[in-house]
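What follows is a short report on a single structure.
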Amino acid sequence: MTTLIYDIGTLVNVRQAHTLLYGKNLALLPCIHNAFLIVEDGRITDYGRMEDLFFPVTDFTFHYSAEGRCILPSYCDSHTHLVFAGSREDEFVDKIKGLSYSEIAAKGGGILNSARKLQETSEEFLYQQSYKRLQEIIRTGTGAVEIKSGYGLTVEDELKMLKVIRRLKESSPIPVRSTFLGAHALPEKYKDNREGYIQLIIEEMLPRVSKEGLADYIDVFCEKGFYTPEETKKICRAGKEFGLKPKIHANQLYASGGVQAGVELNAVSVDHLESMDDDAIVSLAHSNTIGTLLPTAAFFLRMPYQPARKLIDSNCAIALASDFNPGSSPSGNMNFVVAISCIQMRMLPEEAINASTLNGAYAMELQDEVGSISKGKRANLVMTVPVPSIQYLPYSFGSNLIEKVMVNGEFI
Ligand code: NIG
Ligand code: FE
């Protein structure tokens with residue numbers, strides 16, 4: 001089955017060969033104006049300028065005129081917690097009234113609140129709620145996603161979450177990567193026995209997660225009041241023994257050594273980075289680890305934004321992700337993530353598009369599959385409404401500028 005899309009105003013992020021983007025290269029966004037794109041069996045097989053399309057459009061089984069609209073690779077959202085039970089708008093109101101994230105956590109709210117809800121929810125109902133969220137993010141332009149456990153916090157409930165993620169992987173038309181986050185918070189039962197819970201993660205959870213092939217990565221919430229850098233390293237090293245590479249929560253609330261721990265572990269990514277000091281920036285800049293910025297979490301929690309400019313100018317490789325979760329970012333809309341990155345973090349639109357597509361793909365090790373318009377990659381694409389330029393996308397934040405989404409070569 002061959003599909004031709006022709007009269008594309010701008011075909012965005014077109015690359016045959018590519019590497020992870022950092023420094024000045026992050027602002028280079030290769031585009032073809034007045035372009036065509038050919039898709040066969042769900043994959044991109046060709047593209048070029050309209051004047052180089054030598055066949056009549058009617059030669060193709062399916063042919064669509066884009067009538068001057070833009071086509072981009074779908075977003076690659078490399079950090080979400082989209083499997084969760086219920087919602088936490090009561091805490092949202094507490095925050096409006098002035099309670100801090102840590103105060104809410106200390107009241108038994110926060111992650112432990114979601115854990116209680118999840119423990120009381122059946123696997124089937126959890127799957128149904130999560131499947132709806134997955135459908136929603138696909139409609140808003142996400143073409144590959146990472147999903148974490150971490151609201152189970154018991155052996156059976158962590159496995160339940162990971163099984164839901166596995167079912168999503170099986171039913172999802174877009175690639176799904178799975179991350180085991182048993183060390184997301186300390187369960188109430190272990191509040192005087194940290195060692196006991198860490199032992200449970202390492203000796204009981206990890207072997208079962210591995211035996212059932214339930215995760216691709218391991219994550220720890222490395223933060224004051226959660227897990228120390230030393231504990232993070234211990235848990236991630238145990239995960240590595242089971243073949244799980246680290247992708248960790250670091251430097252969200254404080255500069256608490258998470259970035260350095262991630263770099264030492266050779267983590268695929270260190271994520272959040274609201275609280276960066278010079279030492280953390282230098283450490284990240286001299287590493288192969290990607291810094292994944294989650295600006296909507298900073299927005300929602302009214303925290304300082306990630307120092308994106310400083311990170312880019314220091315040559316750190318950065319990606320952008322939504323952190324979709326019920327506590328700190330109850331939205332998986334990557335259009336908003338891109339807009340807020342430009343508006344609040346002073347990223348250029350080109351940088352934000354690269355960081356949320358190709359670099360996001362690298363942060364899930366899916367760079368050969370998604371993240372750019374490249375021959376052989378999946379045709380997971382977004383088509384915009386008519387826009388005057390690419391810069392218009394983050395500028396006109398809040399408007400729905402996506403007219404159509406293509407997944408595996410089919411418009412949905
Ligand atoms: O990435 N920081 C840790 N975990 C989530 C928030 C979890 C929650 O509040 O439910 C995050 O922001
Ligand atoms: Fe997170």
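Calculated FRET efficiency, Ala106 to Glu204, Cβ-Cβ distance, R0 = 25 Å: about 0.35 to the nearest 0.05. Between Asp278 and Ala17, the C-beta separation translates, for a Förster distance of 22 Å, into a calculated FRET efficiency of about 0.05.
Rounded to the nearest 5, what is the percent of antiparallel bridges among the DSSP beta bridges in the chain? Just about 45 percent of them are antiparallel.
For the chain, the relative contact order is 21 percent, taking Cα pairs closer than 8 Å that sit 6 or more residues apart in sequence and dividing their mean separation by the residue count. For the cross-link pairs Lys117/Lys211; Lys24/Lys375; Lys148/Lys245; Lys160/Lys211; Lys189/Lys240; Lys169/Lys234, the ones whose C-alpha atoms lie over 21 Å apart are Lys117/Lys211; Lys24/Lys375; Lys189/Lys240; Lys169/Lys234.
Centre-to-centre, using Cα atoms only, the stretch 20-43 and the stretch 269-347 are separated by 23 Å.
Each peptide in 135-143, 210-218, 311-319 gets a packing score, the mean of other Cβ atoms within 10 Å over its residues, and the list from highest to lowest is 311-319, 135-143, 210-218. Over the stretch 210-270, what portion of Cα pair distances is larger than 15 Å, expressed as a whole percent? So the portion of pairs separated by more than 15 Å is 40 percent.
Between Glu170 and Phe397, the FRET efficiency from the beta-carbon distance, with R0 = 41 Å, is close to 0.75. Separation of the stretch 189-236 from the stretch 62-88 is 31 Å, based on Cα centroids.
Across the chain, Cα-Cα pairs farther apart than 41 Å form 13% of the total.
Picking from Glu274, Glu351, Glu124, which is most flexible by a Gaussian network model of the chain using Cα springs under 10 Å? Per the Cα network of the chain with a 10 Å cutoff, Glu124 tops the list.
Values quoted throughout were computed directly from the atomic coordinates according to the rules given, and no laboratory measurement underlies them. Every value quoted in this text rests on a predicted model; they were computed, and no experiment measured them. Using ideal geometry, Cβ is built from the backbone for each residue, glycine included, and neighbour counts are taken over all protein chains shown.
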